[in-house]
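Asks: Sharing a structure, written as structure tokens. Questions coming.
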């Protein structure tokens, strides 16, 4: 079990350093403008392996938080704001954003 956790941490560190390593290359290979609609492969992999699972976790935490917050938000008529911020925005970031585009939708 300990070896598995060590390997998992090592893989996460390696995958997390891919965008940073290409950004340090100095030639701007890892950067792309909004006009260029095709992101680099490193950004697609980082999005697929790191950001999407974190987005799924954010959806679960946001849903749980909204369940706790809705009774209080309903009393102050801010339930739409709570549901938008805690449910709709994480869902949109995770499931409707194009793969590799790390900016907000």
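Asks: Determine by what factor the alpha-carbon radius of gyration of region 40-105 differs from 2.2 N^0.38 Å, reporting the quotient.
Replies: Cα Rg divided by the expected 2.2 N^0.38 Å: 1.30.
Asks: Test of understanding: ordering 47, 103, 79 by Cβ neighbours within 10 Å, fewest first, what list do you get?
Replies: 103, 79, 47
Each reported figure results from applying straightforward, stated rules to the coordinates on display, with no laboratory input. A quick note: this is a predicted structure, and the numbers were derived from the prediction, not measured. Please note: Cβ atoms are built from the backbone with ideal geometry, for glycine as well, and neighbour counts cover all protein chains shown.
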